[in-house]
Amino acid sequence: MLDRDLVSEVLAAARRKGGDVAEVFVEERSSTSVRLDDGRVEELTTGLDRGAGVRVFQGTTYGYAYANRLDRDALLEAAAAASAALAGDAPGSVVDLTERTGPGTNHAERAASDVDAATKVGWLRAVDEAARGVSSEVVQVTGIYFDSMQRRLIATSDGRWVREDRPRIRVVAQVVAKRGDVIQTGWQGPAACAGVEFLDAHPPEETGRRAAERAVAMLDSIPAPAGEMAVVVADGCGGVLFHEAVGHPLEADAVDKEASVYRGRIGERCSSELINGVDDATIANGWGSYDFDDEGTPAARTVLFTDGVLQGFLQDRMRAARMGAAATGNARRESYAYPPIVRMTNTNILPGDTDPDAIVRDTEAGIYVTGLGGGQTNPASGDFVFGVSEGYLIEKGEVTTPVRGANLIGRAIDVMRSVDAVGSDFETWEGVCGKDGQGAPVGSGSPTLRIGKITVGGTGV
């Protein structure tokens, strides 16, 4: 997207006051989004955005500036603004830029850009029809389709030259069901870094049907009980809990700021010995996957827990250098308008050996959680609260009545130590994680888990 000589000139300008490393991040992103409300197309937009960000850092101090033009004057102006954050008086060097190539983690077999808008609208009509076919109690269906292609160039003064394309696709169903005065909602939204072949494995009809089934099932819900009890978390949902309650405190910027409950605990057993957890950006077509992070560091599969023992943290270049550790390829940014920060990618609890159905059968009483809603986590203490969007009573080893209004309340280390069963199944949930004003697509996954004891907040008895 840019000439090497121009990029080298910009890097040199960014290092006019020295610094450890200067970096240029160039991005071109094309996208399409469609929204269908109750069978009507309410939104159909396409967009193209391009620009570049320039960063120079010394230790953990950095300057950052960006431009939405890619001409020489705009880029040099951004470089000058970034370099102004440093106080040095000796310019730094720029090493010859050497191209690095990756394995093509996010290959798209059929590009979404080759599919016309009418076909994409048709996919959402299939979502609508399938959702309404579940029950006459479905009163509202919203279907959302999104695809994008992000083309990136990353160049650094220590010689990195990385180019990578990232395709994305997602179909979301939001369903409202109503019975008398009772209203409940359901949601489903599979996603991947892939082309439209992704919809072969995740048909829009299935997405609409599953969201509607969630909403209709919850019409029969009763107020959730409150107190300490066993909770079985269905495959996929445990990954959301792991991401929020455990993953964020393992990001090195939180550790560096002494705002992590896991600081100083590498080598300790901080969860049940049944827990093996990883953050893995190398999963083919994963929602949080890539060949290189947004600093040009190769993607990695970073082991976080082995048999419950904490192995390490997620690192960008700045924090890794400060901590004397290796960068793990976890520097990410929302777009060229933002500097990279430490972020998770696909954060998963790995499967165990237990039959997931047996986990439920062996649970005398408790809650079976199949959907988690919003939540809050304090990385410094590990305290968290998560809403349960879909849950059921477990009575004498059977899943019975749906419950509403449940919250899971606990402390990350205590709750992870209370996991006493890990299933042999596995499922993922895809979402967009917010941190420091930036959103990043992330995946999370897990098998079925049983937490032997956790506080459930509810209004029932």
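The figures follow:
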quantity	calculated
Residue selected from region 138-186 under the condition hydroxyl-bearing (S, T, Y) and surrounded by fewer than 22 Cβ atoms within 10 Å (Cβ to Cβ), by the criterion farthest from S8 (Cα to Cα)	T185
Failed item in (1) among the β-branched types (V, I, T); (2) farther than 30 Å from A211 by Cα; (3) part of a loop (DSSP other than H, G, I, E, B), with T282 passing the rest	(2)
Filter pass, S93 being assigned to a loop (DSSP other than H, G, I, E, B), assigned by TED's automatic domain parsing to the domain that holds P204 and over 27 Å from the mean Cα position of the chain (by Cα)	no
Failed criterion for T61 (all others in (1) surrounded by 15 or more Cβ atoms within 10 Å (Cβ to Cβ); (2) hydroxyl-bearing (S, T, Y); (3) under 28 Å from the mean Cα position of the chain (by Cα) hold)	(1)
Cβ pairs under 8 Å, 6+ apart, first in region 442-461 and closer than 20 Å to G236 by Cβ, second aromatic (F, W, Y) and not in a loop (DSSP other than H, G, I, E, B)	G443/W429; S444/F242; S444/W429; G445/W429; S446/F242
Top-ranked residue of region 112-140 - restricted to ones that are free of Cβ contacts under 8 Å to residues at least 40 places away in the same chain and of a type in the set (S, T, Y), ranked as farthest from L199 (Cα to Cα)	S136
Pick from region 101-115, criterion in a loop (DSSP other than H, G, I, E, B) and among the charged types (D, E, K, R), ranking: surrounded by the fewest Cβ atoms within 10 Å (Cβ to Cβ)	E109
Answer from Y338, Y290 - the residue that is under 16 Å from the mean Cα position of the chain (by Cα) and either crowded, with 18+ Cβ neighbours inside 10 Å or at pLDDT 95 or above (or both)	Y290
Restricting region 69-100 to residues that are of a type outside the set (A, V, I, L, M, F, W, C), touching a residue at least 24 places away in the same chain (Cβ under 8 Å) and over 21 Å from G59 (Cβ atoms), the residue that is surrounded by the most Cβ atoms within 10 Å (Cβ to Cβ)	R100
For D353: the one exception among (1) surrounded by fewer than 17 Cβ atoms within 10 Å (Cβ to Cβ); (2) within 28 Å of Q188 (Cβ to Cβ); (3) touching a Ser or Thr at 6+ places or on another chain (Cβ under 7 Å); (4) at pLDDT 95 or above	(2)
Only one of V176, V141 that is in contact with a Ser or Thr (Cβ under 7 Å, 6 or more places away or on another chain), at pLDDT 95 or above and not assigned by TED's automatic domain parsing to the domain that holds C237	V176
Sole residue being under 20 Å from R166 (Cβ atoms) and in contact with a strand residue (DSSP E or B) (Cβ under 8 Å, 6 or more places away or on another chain), chosen from T328, T354, T363, T370	T328
Residue ranges of strands (runs of 3 or more DSSP E) in region 393-461 with at least 3 members of a type in the set (S, T, Y), over 23 Å from S381 (Cα atoms) and at pLDDT 95 or above	none
Some residue of region 243-253 being assigned by TED's automatic domain parsing to the domain that holds E427, among the acidic types (D, E), part of a helix (DSSP H, G or I) and within 14 Å of the chain's Cα centre (by Cα)	yes
Residues being among the hydrophobic types (A, V, I, L, M, F, W, C) and assigned to a loop (DSSP other than H, G, I, E, B) - total across region 285-332	7
Residue within region 224-237 that is assigned to a helix (DSSP H, G or I), under 24 Å from the mean Cα position of the chain (by Cα) and not assigned by TED's automatic domain parsing to the domain that holds V172 present	yes
Every pair of residues 6+ apart whose Cβ atoms lie under 6 Å, when the first sits in region 25-49 and is within 30 Å of Q140 (Cα to Cα) and crowded, with 17+ Cβ neighbours inside 10 Å while the second is at pLDDT 95 or above and acidic (D, E)	T32/D147; R35/E42; R35/E43
Some residue of region 203-221 being farther than 24 Å from V399 by Cβ, free of Cβ contacts under 8 Å to residues at least 60 places away in the same chain and either in contact with a helix residue (DSSP H, G or I) (Cβ under 7 Å, 6 or more places away or on another chain) or surrounded by fewer than 22 Cβ atoms within 10 Å (Cβ to Cβ) (or both)	no
Selection count, region 333-363, where residues are over 17 Å from L449 (Cβ atoms), assigned to a loop (DSSP other than H, G, I, E, B) and touching a Leu at 6+ places or on another chain (Cβ under 7 Å)	1
Candidate set from region 365-376 (those that are touching a residue at least 40 places away in the same chain (Cβ under 8 Å) and on the phi < 0 side of the Ramachandran plot); member that is surrounded by the fewest Cβ atoms within 10 Å (Cβ to Cβ)	A365
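The values are calculated or read from the model by the stated rules, or taken from the named source; none is laboratory data. Owing to the predicted nature of the structure, the values given are computational and were not obtained by experimental measurement. Using ideal geometry, Cβ is built from the backbone for each residue, glycine included, and neighbour counts are taken over all protein chains shown.
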